[in-house]
Each structure stands twice: as structure tokens, then as C-alpha cells.
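Reviewing the structure listed below.
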Amino acid sequence: MKYKNEMQIKKAMGIESWRNLSRDKVIRFAAMMPDMDKEVMLEIIRTFPEFTKYGNELLESLRETILKTIDKNSEDYRMSLEIIKETQSICKEQLNREDITPEERVIIWQNLMEVTKMVPILDKENKKFYENLNSKYVKATVAALLSALVFIGGKVALDQFSGLPLENKEDEEDEDK
């Protein structure tokens, strides 16, 4: 849906006034930006000076959450590796015993192999966790930076970045069609 005016955006966000814009709503607003008419979006942001403050607070909160998540993940990962290492050590001790049968030795060996197979699986899951975390962090950072860009100058900054005024780009796109 393309939001063409301020009222449509307020209605979609479930607010009556921009004074009701909470941090959560700022995130939702930023997510809706690609579906907004550019002039309407710029006008709304100009009328809401706390937008940048909320954006900075959200980025700091996101950073803290990510650091806590990484610390927790690292601790869990280390603990898991320690459990595997300890289990391997126990299996090794059992294999060195002389009072066990060949059948028991085979079972211990199989258990050791099972535990050892867990290391690459655990490592792969940990790397996947970090990839997902990085992807979400990058997306959130880009959204916040784009929001700040729009807030602090929007059109002017985009014009300077691209080398063409937005109106010319839109005209070119219309000509291409």
C-alpha cells in the first residue's frame, strides 16, 4: 500500500497524533517508510523532532541487546564445548581400562564418536546464529541510518549522494516506462 497522506499513516500506526509516537511506533514508522509518499514522509519527520533522539536510543538499545546476546551465546557455546570435552575425556578413560569386554569397548567407542560428531554441528549452529544476528543488526542499522538521513536533510542529502535531484530521477523513471 502506498501511503499518500498523513492521516493514512496515522491510521495504519494506530495513533491520533504524532505526540503518541512511542519508540515501538518509531520502528514501525521506519519500516513503513518505503511505502510512503516522499513529501508526506519528510513533512511528518520535520514535525517530529524527537525522531532522531528515538532513533539514537533505539540503536543504543539494539547494540546493548546484541552485546548481551553475544555474551550469552558465547557462554552457552563454551559450556557446550566443555561438556563435550569432558565426555570425551570420560570415554577415553573408559577405553583405557583393561577390565572391560570388547563389546563394552565398542559401545564406548561409538559413544565417543557420537559426542565428537556434535562439535561441527554445534559450530555450524553457532556460526548460523552469528550470521542471523549480523544480518538483523545490519538491517536495523541501515533502517536507522536511512531514517536519520531522511530526518536531517532527506532530499538534499540524497540529491548530493546520487548526483541527481530526486525529481529528475523520477522523471527519468517515467520516461523509461
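Values quoted throughout were computed directly from the atomic coordinates according to the rules given, and no laboratory measurement underlies them. Given the structure is predicted, the values throughout are model-derived calculations rather than measurements. A quick note on method: Cβ atoms are made from the backbone with ideal geometry, for glycine too, and the neighbour counts reach across all protein chains shown.
The figures follow:
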quantity: Global form of region 73-140, assessed from the alpha-carbon gyration tensor, a/c cut-off 1.5; calculated: prolate
quantity: Debye intensity ratio I(q)/I(0), log10, region 9-134, q values 0.12, 0.15, 0.18, 0.21 Å⁻¹ (C-alpha model); calculated: -0.67, -0.83, -0.98, -1.12
quantity: Counted charge near E131, where neighbours are those whose Cβ lies closer than 13 Å (Asp, Glu -1; Lys, Arg +1); calculated: +3
quantity: Protection proxy ranking, peptides 96-102, 129-135, average beta carbon neighbours within 10 Å, highest first; calculated: 129-135, 96-102
quantity: Fully extended contour minus Cα-Cα distance, from N132 to Q88, at 0.36 nm per residue; calculated: 12.8 nm
quantity: Cα centroid separation - region 111-128 against region 83-108, whole Å; calculated: 19 Å
quantity: Exposure proxy ranking, count of Cβ atoms within 10 Å, fewest first, for W18, W109; calculated: W109, W18
